[in-house]
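Heads up, the thing below is written out as structure tokens.
Throughout, read-outs are computed from the coordinates displayed, never taken from laboratory work. On a predicted model such as this, the values are computed, not experimentally measured, just so you know. Methodologically, a virtual Cβ is constructed for each residue, glycine included, from the backbone with ideal geometry; neighbour enumeration extends over all protein chains shown.
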Amino acid sequence: MDLDLTGKHALVCGGSVGIGRAAAIELALLGADVTVLARHEAALREVADALPRPGDAQRHGWLVADGNDIAALRQQVAALAAQRPLQILVNNSGGPPGGRAIDADASQYLAAFQQHLLANQSLAQCVVPGMQAAGWGRIINVVSTSVKEPIANLGVSNSIRGAVASWAKTLSRELGGDGITVNNVLPGYTLTRRLQQILDDRVASSGDSADQVSARMLASVPAGRFADAREVAAAIAFLASPAAAYINGVSLAVDGGRMQSI
Ligand SMILES: NC(=O)c1ccc[n+]([C@@H]2O[C@H](COP(=O)([O-])OP(=O)(O)OC[C@H]3O[C@@H](n4cnc5c(N)ncnc54)[C@H](OP(=O)(O)O)[C@@H]3O)[C@@H](O)[C@H]2O)c1
């Protein structure tokens, strides 16, 4: 199986911690040059410096940018792509705050739409021309199982994730003929700071203890445990690889079997 990413340049958004950081490591292990993007420079620098370099010529870097400032993001990533064309884009960012859909106001929906869908779209527009010129590209969006089964008390997130999944499916059909694949990875409960945020929200809204909330969540997972971020990252890295060339337009759950839909 061809998993070799030597000579490929990957941009991993949300690459400073959690699933993004784990994906950056897996892609680097497969030989890619990786640029990690997020809002805080110190964390990014630390990750980029520590990324594996199994190939002597591998060069990793970082980009400080904010998915909520679309104009600046577009400018920064266009400049990066002009300097070193990108063949792999991992769209990934922080999840929207919790709460019921009915209680959220327009500004919360607009902020999440911007940070997720519009940021992804802007980044795709920056990198797709280079991918088309090379006849090879991978766009992988880290979304959520909520695109298939909405999750209680994540109203804004459920709504925006659905839009991202539909956008990605549309893009996969538009770009498939150019040698570019567009796929989604849907993480289940994964041990990161986002999961802690969800646990804290549920403790606050239910009045139950963290142990009780955590036990209830685990009871819904056939694997009986939360995921390690590396398990989600492995799926991202596989979809980025040459071996996955004929996989296009899918939403791959990495959820320990939690989703009940087929
Ligand atoms: N963990 C789970 O159980 C789980 C389950 C389903 C779906 N997901 C989704 O998967 C994605 C990644 O999850 P995670 O658990 O790895 O999240 P995380 O640990 O919270 O990491 C989020 C990453 O995104 C960056 N980020 C946040 N806001 C940003 C912004 N406005 N602009 C640029 N970068 C930004 C963060 O760095 P800075 O803060 O420095 O910018 C960080 O690198 C999220 O969308 C999450 O909702 C997670």
For segment 120-247, what does the relative contact order come out to in percent, with C-alpha contacts under 8 Å and a separation of six or more? 27 percent
Pseudo-spin-label distance residue 200 to residue 69, built 7 Å along Cα→Cβ, given in nm, is 2.4 nm
Starting from one equal scatterer on each C-alpha and no solvent at all, send me the Debye-based log10 I(q)/I(0) for the chain at q = 0.11 Å⁻¹, two decimals. -0.57
Hey, what number do you get for the chain at 222 nm if only DSSP H runs of n ≥ 4 count, each worth -39500 (n - 2.57), divided across all residues, to the nearest 500? -14000 deg cm²/dmol
Which of 127, 250, 47 moves most in a GNM of the chain, Cα contacts under 10 Å? 250
Share of Cα-Cα pairs in segment 67-186 lying beyond 21 Å, as whole percent: 39 percent
If I take R0 = 51 Å and measure r between the Cβ atoms of residue 173 and residue 219 in this structure, what FRET efficiency does the formula 1/(1 + (r/R0)^6) give, to the nearest 0.05? 0.85
Simple Cβ-charge dipole of the chain, Lys/Arg +1 and Asp/Glu -1, about Cα centre, in debye nearest 20: 220 debye
